[in-house]
Amino acid sequence: MVKRIIFDIDNTLIKWEDSYYGELGKVFDELQIQYTQLDIEKIILAIAEYEKREIYFKKDAMLQICEEKLERELPDNFIDTMLTYFEKCVPEHLPSGVLETLEYLSRKYELVTLTNWFEETQSIRLQKVGIEKYFKKIYACDRIKIKPNKESYLTAAGDNKPQNCLMIGDNLINDIEGAKKCGMQVIYYNPKKLQTQYPNIQKFEELQQIL
């Protein structure tokens, strides 16, 4: 029996648009750092590679990998400034059915989030789209180990047994396979209708029929 539902955030609850990386140019501008489009692409690459080599999201470690990609030093407040701009990166409107579905699920289950990013940034983004109120807690990987580390799922389970938790997310490795290995139930958020062996949904509101 499901007691707790654990949601991924990016591209599950809140879509991440490639255009949001345009905020990186504003970071360089604010800090009065000269940059090229190639520099922007290197920072994007650094962010993508970060979780493959680190265990936690830490600002000093992220600054280090950004500096390695750029092959030059950055100001100590570069990551803080970047996160301030990324806090604004949310769609004007959530996809149809998200608010209604979270309202429905919150009446039946305990809802939390588990994210490979910084807690403060994700909390602000959830507030901006009006859905933070549905979640008991935000589990973020600046405080616990990065998905798909086993510890991240077990921590997000809280006082519940893994088999009484359901993980929902769009990443097969980080959200689905990792949680499944811990004994959790899983639903793959699959709007692109990819072939998969796992239970999956294409529209968020399908959760109301399943749960």
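Considering only residues that are touching a residue at least 24 places away in the same chain (Cβ under 8 Å) and among the β-branched types (Val, Ile, Thr), which ones fall in the range 111-169?
Listed by number, the residues that qualify are Val112, Thr113, Thr115, Thr121, Ile124, Val129, Ile131, Ile138, Ile144, Ile146, Ile168.
Condition check for Leu99 on (1) in a helix (DSSP H, G or I); (2) surrounded by 14 or more Cβ atoms within 10 Å (Cβ to Cβ); (3) outside the structural domain of Ile168 (by TED's automatic domain parsing): one failure, at (3). For Val90, indicate whether it is surrounded by 15 or more Cβ atoms within 10 Å (Cβ to Cβ), of a type in the set (A, V, I, L, M) and touching a Leu at 6+ places or on another chain (Cβ under 8 Å). When the stated conditions are applied, Val90 does not pass them. Considering the range 102-121, the residues that are aromatic (Phe, Trp, Tyr) and buried (at least 19 other Cβ atoms within 10 Å of the Cβ) include one that is farthest from Val186 (Cα to Cα), namely Phe118. Selection within the range 36-75: residues that are more than 17 Å from the chain's Cα centre (by Cα) and β-branched (Val, Ile, Thr). The member of this set that is farthest from Asp18 (Cα to Cα) is Ile65. State yes or no: is Ile65 outside the structural domain of Ile144 (by TED's automatic domain parsing), without any contact (Cβ under 8 Å) to a residue 24 or more places away in the chain, β-branched (Val, Ile, Thr) and farther than 23 Å from Tyr189 by Cα? Answer is yes for this residue. Considering the range 21-53, and only residues there that are over 18 Å from Ala140 (Cβ atoms) and touching a residue at least 40 places away in the same chain (Cβ under 8 Å), the residue that is surrounded by the most Cβ atoms within 10 Å (Cβ to Cβ) turns out to be Val27.
The residue that is farthest from Lys52 (Cα to Cα), among those in the range 122-137 that are surrounded by fewer than 21 Cβ atoms within 10 Å (Cβ to Cβ) and of a type in the set (D, E, K, R), is Lys133.
I'm checking my understanding of the structure. Among residues of the range 170-200 that are touching a residue at least 24 places away in the same chain (Cβ under 8 Å) and closer than 15 Å to Leu13 by Cβ, which one is surrounded by the most Cβ atoms within 10 Å (Cβ to Cβ)? Give the steps one after another, and end with the answer.
Initially, the range 170-200 is screened for residues touching a residue at least 24 places away in the same chain (Cβ under 8 Å), giving 170-175, 177-179, 181-182, 184-185, 189, 196, 198.
Within this subset, residues satisfying the condition of being closer than 15 Å to Leu13 by Cβ are 170-171, 174-175, 189.
On the way: Asp170: 21, Asn171: 18, Asn174: 21, Asp175: 28, Tyr189: 23.
Looking at the filtered set, the residue picked out is Asp175.
Across the range 138-169, the number of residues qualifying as of a type in the set (Lys, Arg), out of contact with any Ser or Thr (no Cβ under 6 Å at 6 or more places or on another chain) and surrounded by 15 or more Cβ atoms within 10 Å (Cβ to Cβ) comes to 1. All of Tyr21, Tyr56 fail the test of being outside any helix (DSSP H, G or I) and at pLDDT 95 or above, apart from Tyr56. Listed by position, the helices (runs of 4 or more DSSP H) inside the range 119-211 whose residues that are touching a helix residue (DSSP H, G or I) at 6+ places or on another chain (Cβ under 9 Å) and under 21 Å from Phe86 (Cα atoms) number at least 2 are 119-128. Candidates Phe118, Phe204, Phe135: the one that is touching a Gly at 6+ places or on another chain (Cβ under 8 Å) and aromatic (Phe, Trp, Tyr) is Phe204.
The values are calculated or read from the model by the stated rules, or taken from the named source; none is laboratory data. It should be emphasised that the depicted structure is a prediction, and the values quoted were computed from it without experimental measurement. With ideal geometry, Cβ positions are generated from the backbone for all residues, glycine too; neighbour counts draw on all protein chains shown.
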